[in-house]
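Below is one structure, written out as structure tokens; comments come after it.
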Amino acid sequence: MIDMSSRPPTMKDVAAAAGVSLKTVSRHVNGATNIDPELAARIRDAIVALDYRHNLAAASIRPGRSAKVIGLVISDLANPYWSVIARSVERVCSANGYLLMTVSSEEDAARHRVLVDRLIAQRVDGLIVVPPREDTGGWAGPAASVVPLVAIDRPVQEGGDTPVADTILADNAGGAEAGTLELVRHGARHVLFLGDSLELYTMRERLVGYRRALGDDGADDASVVTTAHTAAQAASIVGALLDQGHVDAVFAANNRASIGAIEAFTQAGRRLPLIGFDDFESATLVRPAVSVVAQDVVRMGEAAAEALLARIAGTGAADPATTVLPTRLVLRGSER
């Protein structure tokens, strides 16, 4: 039995847990690809079980070497929002001679930690990360001590008031406030906030803007729904509320919520005024076209890549900085 109660795990501990030699573990964490797959799987399992993450990060990069590779950890590659960000990051990286390696955490904190470690083990020159939904912290500081790190879309939830990484955000609260106020301007009095879990930083900020627009009297808890993770769930929620008649407009807090609301309107044969946060390709294909709070998603990806490349080149600011990109209200008719 290995007693690690008073010390962090070592490479020897990983070798003992995996039942392999110390040399094989060393080759694995340094990026060797000609290791027997079964042995590699045992080593990966031991690394996760022992939480060998910090030592893996410290040992994975040799001074003076550059792989000309950047790692990008996003939350869900199936969501077009993240695909656009990945493409814009890749465009800037490619123009500067870097290969982009993109992986998806699927909003799983444990998977996110493993992916960060594996990318560092591949000797990436820097990381752009979307912190996971249930970010338990503890990973960013050690990662940032090994490679330049930039957070995108959400801040890293550690480090107190001092950020541990450059951060690129959208003005979520301001955009949600503008969208909700527009619905009110057209006569809405009971605006539904339809969004995903408040574990997400972006959802919390958009709810702040929504409440700010309506004031204390207008934003009652009955009009706030934060359980719509998928478009199908959003459609079911809006369909039920249409039958009850408790709301007279919908502020959809992301693109999947907007799509779900449209589906519910189509099934019911009637609609409510709607403004969604995030533009999406089919927004102009329905009638009326969907009004949105648009983020400059392309610019967000570009800004993250530029910030990381500046860090790699040693030209970034002395301390990590947070950049908040403005949103804009695009009115197409569905707000009425």
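Residue count for region 124-141, restricted to those that are out of contact with any Pro (no Cβ under 8 Å at 6 or more places or on another chain), of a type outside the set (Asp, Glu) and at pLDDT below 85: 6. Residues in region 309-334 that are within 24 Å of Thr202 (Cα to Cα), in a loop (DSSP other than H, G, I, E, B) and hydroxyl-bearing (Ser, Thr, Tyr): Thr327, Ser334. Every listed requirement among (1) under 25 Å from Ala303 (Cβ atoms); (2) part of a helix (DSSP H, G or I); (3) modelled with pLDDT of 90 or more is met by Tyr81 save one, (3).
Pairing residues of region 39-52 that are assigned by TED's automatic domain parsing to the domain that holds Ala15 with residues that are part of a helix (DSSP H, G or I) and of a type in the set (Val, Ile, Thr), at Cβ distances under 7 Å and at least 6 apart in sequence or on separate chains, gives Leu39/Thr24; Ile43/Val14; Ile43/Val25; Ala46/Val14; Ile47/Val14; Val48/Val114; Leu50/Val14; Tyr52/Val14. Please verify whether Arg332 is in contact with a Pro (Cβ under 7 Å, 6 or more places away or on another chain) and farther than 17 Å from Asp196 by Cα, treating the condition exactly as stated. Judged against the criteria, Arg332 is a match. Residue selection: Gly209 satisfies the criterion of being at pLDDT 95 or above and over 17 Å from Leu331 (Cα atoms).
Quick check on Ala257: is it touching a Gly at 6+ places or on another chain (Cβ under 7 Å) and closer than 30 Å to Thr136 by Cα? Spell out how you get there, then give the answer.
On the way: touching a Gly at 6+ places or on another chain (Cβ under 7 Å): yes; closer than 30 Å to Thr136 by Cα: yes.
Spelling it out, Ala257 is indeed touching a Gly at 6+ places or on another chain (Cβ under 7 Å) and closer than 30 Å to Thr136 by Cα.
Inspect all residues belonging to region 172-186 and state whether any of them is farther than 25 Å from Ala303 by Cβ, surrounded by fewer than 21 Cβ atoms within 10 Å (Cβ to Cβ) and of a type in the set (A, V, I, L, M). Quick ask: steps written out before the conclusion?
First pass over region 172-186, keeping only residues farther than 25 Å from Ala303 by Cβ: 180-186.
Narrowing further to those that are surrounded by fewer than 21 Cβ atoms within 10 Å (Cβ to Cβ): 181, 184-186.
Still in the list and also of a type in the set (A, V, I, L, M): 181, 184.
The answer is yes, given that some residue of region 172-186 is farther than 25 Å from Ala303 by Cβ, surrounded by fewer than 21 Cβ atoms within 10 Å (Cβ to Cβ) and of a type in the set (A, V, I, L, M).
Return a yes/no flag: does region 104-111 have any residue that is crowded, with 18+ Cβ neighbours inside 10 Å, at positive phi and modelled with pLDDT under 90. Before you say what the answer is, go through the steps one by one.
In the first step, residues of region 104-111 are kept if they are crowded, with 18+ Cβ neighbours inside 10 Å; the result is 104-105, 107.
With at positive phi added as a condition, the list becomes 107.
Now drop any that are not modelled with pLDDT under 90, which leaves 107.
Yes, because at least one residue in region 104-111 is crowded, with 18+ Cβ neighbours inside 10 Å, at positive phi and modelled with pLDDT under 90.
Any idea which residue in region 226-278 is surrounded by the fewest Cβ atoms within 10 Å (Cβ to Cβ), counting only those that are closer than 25 Å to Ser75 by Cα and of a type in the set (D, E, K, R)?
Looking at residues that are closer than 25 Å to Ser75 by Cα and of a type in the set (D, E, K, R), I get Glu263.
Does Glu90 fit the bill of being assigned to a loop (DSSP other than H, G, I, E, B) and at pLDDT 80 or above? For Glu90, the condition - assigned to a loop (DSSP other than H, G, I, E, B) and at pLDDT 80 or above - is not met. Only one of the listed residues (Ala257, Ala213) is part of a helix (DSSP H, G or I) and in contact (Cβ under 8 Å) with a residue 40 or more places away in the chain. That residue is Ala257.
The values are calculated or read from the model by the stated rules, or taken from the named source; none is laboratory data. Given the structure is predicted, the values throughout are model-derived calculations rather than measurements. Positions of Cβ are backbone-derived with ideal geometry, glycine not excepted, and every protein chain shown enters the neighbour counts.
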